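Asks: This is the structure I want to talk about, given as structure tokens.
The values are calculated or read from the model by the stated rules, or taken from the named source; none is laboratory data. A quick note: this is a predicted structure, and the numbers were derived from the prediction, not measured. Glycine also receives a Cβ, built like all others from the backbone with ideal geometry; neighbour counts cover every protein chain displayed.
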Amino acid sequence: MNGHANGAPNGADRGRKNFFEDFGVWKDAPILTGTTKFEPLPDVKNIMITGGAGFIACWLVRHLTLTYPHAYNIVSFDKLDYCSSLNNTRMLNDKRNFTFHQGDITNPAEVAACIERHNIDTIFHFAAQSHVDLSFGNSYGFTHTNVYGTHVLLETAKKFHIKRFIHISTDEVYGEVKDDDDDLLETSILAPTNPYAASKAAAEMLVHSYQKSFKLPVIIVRSNNVYGPHQYPEKIIPKFSCLLNRKQPVVLHGDGSPTRRYLYAGDAADAFDTILHKGQLGQVYNVGSYDEVSNLTLCSKLLAEFGIPHETPEEFRKWVKYTHDRPFNDHRYAVDGTKLRQLGWDQKTSFADGLKMTVEWYRRFGEQWWGDISHVLSPFPIVQGVEVHSDKEPISDHPQPIEGQSSLKKRKLETNGTNGVNGHATTYTAIPV
Ligand SMILES: NC(=O)c1ccc[n+]([C@@H]2O[C@H](COP(=O)([O-])OP(=O)(O)OC[C@H]3O[C@@H](n4cnc5c(N)ncnc54)[C@H](O)[C@@H]3O)[C@@H](O)[C@H]2O)c1
């Protein structure tokens, strides 16, 4: 049974965008999963995956549904926020062991109804406000979803005696790592530097407390940046792929020097599969990639994928523009993934291969998967409820100083009236002064 997947949305008005309209784009797309397979766990039967219509979770939803058709029933629980798409899981609608359940993690009744109805024993908690840029403009919305929403899930998991609660966190909770610092172990101190990362760190504190106070069986996972097909084009790789596909230049924040480590989504799905089957309750696992790439280098690699000449400074300037940086932009993150590798997981997809597959997917499907994405492709789009609007940020041919020097960079961050709490629409915006 597929919940509301083929019907009208329930509950309050979710905005104008109709997530249930099906234009069939998913029918031509490859069905992408991870590659690992383990002996099914005898005490796991019904798995709820929050945020299942979003990017990373949809990979795990497809992977578990298709890899363990007789062992596990998978319930994708998602409120269908602006960045989600039912196209991410429509290919599963005819599978006996898959259900989509529309609901909001900040609503205790909706969470309890799902757990009770599907007799859930295991929870993978991915649902979150995940875009750092937006968290500078409306941090209340991030606290509400990422902290309060996690609290609701924990409390409900306790009430229904959930057997495994796997909480998805991020490498950003550790904060910035200097170029010559060692990679961080799971025992490192949490020192988040932006409101998104702080909300994820705060959520972890609640998870930890439920483990200690109530013996809730939890595992925490802190992953590097994940990329690949199905990622909403607000994040750098899909956004720049869609822009270049439109023959439009990309716009870097600041000077393009920050680096990120990138893990292909198929490898991330394998990491979560490994943690479900081999991970120890009460533990924290970093998920680390070997590929660290600066935003500038990423531009060159993408231009090469699109066959666009970019070797001379003039050619490069034609395709790579700049705008002000985030109010604060961590230079790099670096986690040590040895503990997870000791469970048998390893990164299989090189950045070169993963980027090729990703670009190819966005060329074919990027323009249709989420409906009209024109407004998402501006440097700092504005999100109101489930609608996205372009910003009007000034763009330059030259790198912008990082952290607060230039007039382009000097900004006032403002929350536009509503704050996403108690079901009000959320506006995420950053206003130049
Ligand atoms: N993307 C990355 O590189 C990355 C890296 C490390 C960790 N993470 C973490 O992984 C998780 C998933 O990230 P993603 O990039 O796939 O996110 P995403 O933004 O693509 O998806 C988030 C999903 O959560 C849903 N959601 C949001 N609020 C909800 C609510 N109140 N109730 C129910 N559903 C809700 C959205 O509709 C969406 O489908 C997040 O917890 C994020 O912090 C992401």
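Asks: Quick check on segment 41-62: of everything there that is more than 8 Å from the ligand (Cβ to nearest atom) and over 20 Å from LYS163 (Cα atoms), which residue is farthest from the chain's Cα centre (by Cα)? So that I can check it myself, show each step before the final result.
Replies: At the first step, the residues of segment 41-62 found to be more than 8 Å from the ligand (Cβ to nearest atom) are 41-49, 59-62.
The next check asks that each one be over 20 Å from LYS163 (Cα atoms); those that pass are 59, 62.
Numbers: TRP59: 11, ARG62: 16 Å.
Looking at the filtered set, the residue picked out is ARG62.
Asks: Checking the condition surrounded by fewer than 24 Cβ atoms within 10 Å (Cβ to Cβ), of a type in the set (A, V, I, L, M, F, W, C) and either away from the ligand (no atom under 16 Å from the Cβ) or touching a residue at least 60 places away in the same chain (Cβ under 8 Å) (or both), which residue from LEU263, LEU281 passes? Steps first, answer last, please.
Replies: Numbers: LEU263 fails: surrounded by fewer than 24 Cβ atoms within 10 Å (Cβ to Cβ).
Matching residue, one of LEU263, LEU281: LEU281.
Asks: Quick check on segment 174-200: of everything there that is buried (at least 24 other Cβ atoms within 10 Å of the Cβ) and within 12 Å of ARG222 (Cβ to Cβ), which residue is nearest to the ligand (Cβ to nearest atom)?
Replies: Among them, the one singled out is LYS200.
Asks: Could you check segment 75-86 and list, in sequence order, the residues that are more than 7 Å from the ligand (Cβ to nearest atom), within 18 Å of the chain's Cα centre (by Cα) and not in a helix (DSSP H, G or I)?
Replies: So in segment 75-86, the residues more than 7 Å from the ligand (Cβ to nearest atom) come out as 75-76, 82, 85-86.
Next, from what is left, pick out any that are within 18 Å of the chain's Cα centre (by Cα): 76, 82, 85-86.
Answer for segment 75-86, where residues must be more than 7 Å from the ligand (Cβ to nearest atom), within 18 Å of the chain's Cα centre (by Cα) and not in a helix (DSSP H, G or I): SER76, TYR82, SER85.
Asks: Return the total of residues in segment 153-173 being assigned to a helix (DSSP H, G or I), near the ligand (Cβ under 9 Å from one of its atoms) and touching a helix residue (DSSP H, G or I) at 6+ places or on another chain (Cβ under 7 Å).
Replies: Here is the first cut: in segment 153-173, the ones assigned to a helix (DSSP H, G or I) are 153-159, 171-173.
After this cut, where a residue has to be near the ligand (Cβ under 9 Å from one of its atoms) as well, the list is 171-172.
Now narrow it down to the ones that are touching a helix residue (DSSP H, G or I) at 6+ places or on another chain (Cβ under 7 Å): 172.
Number of matching residues: 1.
Asks: Look through segment 32-62, keep the residues that are among the polar types (S, T, N, Q) and in a loop (DSSP other than H, G, I, E, B), and return whichever of them is surrounded by the fewest Cβ atoms within 10 Å (Cβ to Cβ). So that I can check it myself, show each step before the final result.
Replies: Restricting attention to segment 32-62, the residues satisfying the condition of being among the polar types (S, T, N, Q) are 33, 35-36, 46, 50.
With in a loop (DSSP other than H, G, I, E, B) added as a condition, the list becomes 33, 35-36.
Values: THR33: 20, THR35: 13, THR36: 21.
Checking each candidate, the answer is THR35.
Asks: Another one. Out of all the residues in segment 268-292, which are in a loop (DSSP other than H, G, I, E, B) and not hydroxyl-bearing (Ser, Thr, Tyr)? Walk me through how you get there before you give the answer.
Replies: First, the residues of segment 268-292 that are in a loop (DSSP other than H, G, I, E, B): 279-283, 288-291.
Within segment 268-292, GLY279, GLN280, LEU281, GLY282, GLN283, GLY288, ASP291 meet the criteria.
Asks: Can you find even one residue in segment 301-313 that is over 29 Å from PHE126 (Cβ atoms), in a loop (DSSP other than H, G, I, E, B) and of a type in the set (Phe, Trp, Tyr)?
Replies: Looking only at segment 301-313, we keep the residues that are over 29 Å from PHE126 (Cβ atoms), and these are 303-304, 306-313.
Next, only the ones that are in a loop (DSSP other than H, G, I, E, B) stay: 306-312.
The next check asks that each one be of a type in the set (Phe, Trp, Tyr); those that pass are 306.
Checked against the condition, which is being over 29 Å from PHE126 (Cβ atoms), in a loop (DSSP other than H, G, I, E, B) and of a type in the set (Phe, Trp, Tyr), segment 301-313 yields at least one hit.
Asks: Quickly run through segment 314-335 and pick out the residues that are assigned to a loop (DSSP other than H, G, I, E, B) and either buried (at least 16 other Cβ atoms within 10 Å of the Cβ) or at positive phi (or both).
Replies: Here is the first cut: in segment 314-335, the ones assigned to a loop (DSSP other than H, G, I, E, B) are 324-334.
Across segment 314-335, the qualifying residues are HIS324, ASP325, ARG326, PRO327, ASN329, ASP330, ARG332, TYR333, ALA334.
Asks: Filter segment 321-348 for residues that are modelled with pLDDT of 95 or more and among the acidic types (Asp, Glu) and give the result.
Replies: Matches in segment 321-348: ASP336, ASP346.
Asks: Next question, about the same structure. Within segment 63-74, is even one residue within 11 Å of the ligand (Cβ to nearest atom), surrounded by 20 or more Cβ atoms within 10 Å (Cβ to Cβ) and among the hydrophobic types (A, V, I, L, M, F, W, C)?
Replies: Start the filter on segment 63-74 by keeping residues that are within 11 Å of the ligand (Cβ to nearest atom), which leaves none.
No: segment 63-74 contains no residue that is within 11 Å of the ligand (Cβ to nearest atom), surrounded by 20 or more Cβ atoms within 10 Å (Cβ to Cβ) and among the hydrophobic types (A, V, I, L, M, F, W, C).
Asks: Does THR170 satisfy the criteria of being in contact with a Lys or Arg (Cβ under 6 Å, 6 or more places away or on another chain) and touching a residue at least 12 places away in the same chain (Cβ under 8 Å)?
Replies: Working: in contact with a Lys or Arg (Cβ under 6 Å, 6 or more places away or on another chain): yes; touching a residue at least 12 places away in the same chain (Cβ under 8 Å): yes.
Taking the combined requirement at face value, the residue satisfies it.
Asks: Please count how many residues of segment 104-124 are part of a helix (DSSP H, G or I) and without any contact (Cβ under 8 Å) to a residue 60 or more places away in the chain. Outline the logic, then answer.
Replies: Going residue by residue through segment 104-124, those that are part of a helix (DSSP H, G or I) are 108-117.
The next check asks that each one be without any contact (Cβ under 8 Å) to a residue 60 or more places away in the chain; those that pass are 108-109, 111-113, 116-117.
So the answer is 7.
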